[in-house]
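Working notes for the structure below.
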Amino acid sequence: MPDGDPGPNGAHPMPTGTLLAFDFGHRRIGVAVGQTLTCTATALAVVPVANQPNWQEVANLIEDWQPVALVVGLPLGVAGDETDMSRDARQFGLQLGDRFGIQVLYEDERLTSVVAENRFVDARAKGNLRRKDAALKDAMAAQIILENWLRSSGPK
């Protein structure tokens, strides 16, 4: 399945419907779900990684939500350059596309961790989350990645 890099004419078909977004990490992968119709996203889950992602959990999420496309965050360098982590995230995206046959798109995720940390701190201050819920920051980061994608690339 083609990845989210633009084709020869600089564009790819814009998906319409439900999307899943992934904040790739070597220990955990945050997942969010969103909708192009409403341009909204919600933190959904955290998938553990032990040498490789828990593909069964990913498959369950894809089966449950039936996304039309998948968005993977790219942790690019400050100047927008590729990093070891962004190459690993691209590899994860390729694996997603190969395993599930769903279009994979990429979104620059610079600074999403900072925003996710701020949202987490705010939610804790309001009593909505506890310290032991810290892994949810990864799902919040995936939500921010998807919100950014919807703002920059989604339907206009």
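Figures for the structure shown
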| item | result |
| --- | --- |
| HN-Hα J in Hz across the range 39-48 - Karplus 6.51, -1.76, 1.60, θ = phi - 60°, x for Gly and Pro | 6, 10, 9, 9, 4, 10, 7, 10, 9, x |
| Whole-Hz ³J(HN,Hα) from phi, Karplus 6.51 cos²θ - 1.76 cosθ + 1.60, for the range 54-59, glycine and proline x | 6, 5, 5, 5, 4, 4 |
| For residue 69, distant residues with modelled amide H under 5 Å away | 20 |
| Per-residue ³J(HN,Hα) for the range 98-104, Karplus 6.51 cos²θ - 1.76 cosθ + 1.60, θ = phi - 60°, Hz, x for Gly and Pro | 5, 6, 10, x, 10, 4, 10 |
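Only the coordinates and a few stated rules stand behind these numbers; no lab work does. For clarity, every value in this text was computed on a predicted model and none was experimentally measured.
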